[in-house]
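A.B. asks: What follows is a single structure, and I will ask about it in a moment.
The values are calculated or read from the model by the stated rules, or taken from the named source; none is laboratory data. This one's a predicted model, so the numbers in the text were calculated from it and none came from an experiment. All Cβ positions, even for glycine, are placed from backbone atoms using ideal geometry, and neighbour counts span all protein chains on display. For the accessible areas, the whole protein counts, side chains as well, though only heavy atoms, and no ligand, DNA or RNA atoms are used. Shrake-Rupley method; radii C 1.70, N 1.55, O 1.52, S 1.80 Å.
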Amino acid sequence: MRERNLSVLNTLAVFTERRVDALDEEGPVSQDLLRLDSKLNVLMAMLDQLLRKETELPPRQSVSFNAMGALLPRSLWPAGQRDGLLRLHFDGCLALPLELPARFVQERDMDHVFVAFESIDEATCDALERLVFRHHRRKVAGRRLTTS
């Protein structure tokens with residue numbers, strides 16, 4: 001499970017990584033790289049569609065998480081269950097879920113519960129923290145662009 005989770009997190013990092021625009025956009029090497037990037041994006045989308053057909057995905061739900069745990073809608077955690085496996089599906093690689101052992105900690109309000117991640121190693125924890133940091137940074141940058 002550790003290796004699969006690290007693979008999913010690395011895949012997400014590659015998909016969400018922004019290239020540095022330091023390359024000369026008019027140069028032939030830059031144009032070749034852009035074409036290759038476009039082709040790879042199409043191939044990955046096709047592969048994701050194929051894998052998704054074989055996998056029945058749950059309905060989309062909004063969750064908040066970090067390397068410590070997750071805040072979930074109450075409907076996602078079975079009542080009375082202490083331990084479980086939280087599967088998170090991300091856009092870009094929906095068919096490859098991140099699977100994290102979790103333990104119920106507390107009810108947050110009428111609609112949400114908090115679960116803590118258990119038994120995750122340091123490398124997975126670091127990769128989760130990087131994923132959350134990059135996502136937050138993109139949201140902040142997007143808000144700045146819309147308010148400018």
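A.B. asks: Could you run the Karplus curve 6.51 cos²θ - 1.76 cosθ + 1.60 with θ = phi - 60° over region 119-128 and give me ³J(HN,Hα) per residue in whole Hz, x for Gly and Pro?
C.D. replies: Once rounded to whole Hz, the list reads 6, 9, 7, 4, 5, 5, 4, 4, 5, 5.
A.B. asks: If you wrap a convex hull around the alpha carbons of the chain, what volume per residue comes out, as a whole number of Å³? Before the final figure, lay out the partial values.
C.D. replies: On the way: hull volume 22.4 nm³, N = 148.
Hull volume over Cα atoms, normalised by residue count, gives 151 Å³.
A.B. asks: Hey, can you grab everything whose amide H is under 5 Å from the amide H of G69? Only 5+ residues off in sequence or another chain; H modelled, so Pro and N-termini drop out.
C.D. replies: Under 5 Å from the amide H of G69 lie the amide H atoms of F117, each far enough along the sequence or on another chain.
A.B. asks: Rounded to the nearest 0.05, what FRET efficiency do V42 and L85 have when you use their Cβ-Cβ distance and R0 = 30 Å? All intermediate terms of the calculation are to be shown ahead of the outcome.
C.D. replies: On the way: r = 33 Å, r/R0 = 1.09.
Working from the Cβ atoms, E equals 0.40.
A.B. asks: Between helix 28-54 and the chain, what is the angle of the helix's C-alpha long axis to the longest principal axis, kept within 0 to 90° and rounded to the nearest 10?
C.D. replies: Long axis of 28-54 versus the principal axis of the chain: about 30 degrees.
A.B. asks: Name the GluC sites (Glu not before Pro) in region 77-119 that are in a loop by DSSP and that have at most 13 other C-beta atoms within 10 Å, would you?
C.D. replies: Working: sites: E99, E107, E118; in loops: E118.
Here the sparse-neighbourhood loop sites are E118.
A.B. asks: Any idea of the accessible area per residue across the chain, 1.4 Å probe, to the nearest Å²?
C.D. replies: Working: 10670 Å² over 148 residues.
For the chain, the solvent-accessible area averages 72 Å² per residue.
A.B. asks: Another question about this same structure. List the residues, sorted by chain then number, that are 5 or more residues from L86 or on another chain and whose placed amide H is less than 5 Å from its amide H.
C.D. replies: L100, A102
A.B. asks: With a cap of 16 neighbouring Cβ atoms within 10 Å, and only residues DSSP puts in a loop, list the trypsin sites (Lys or Arg not before Pro) found in region 75-148.
C.D. replies: On the way: sites: R82, R87, R103, R108, R130, R134, R137, R138, K139, R143, R144; in loops: R82, R108.
For trypsin sites (Lys or Arg not before Pro) across region 75-148 that sit outside H, G, I, E and B with at most 16 neighbouring Cβ atoms in 10 Å, the list reads R82, R108.
A.B. asks: What is the local net charge at P73, summed over the other residues whose Cβ is closer than 11 Å to its Cβ (Lys, Arg +1; Asp, Glu -1)? List each step's numbers first, then the result.
C.D. replies: On the way: positive: R74, R108; negative: D109, D111.
Value of the local net charge: 0.
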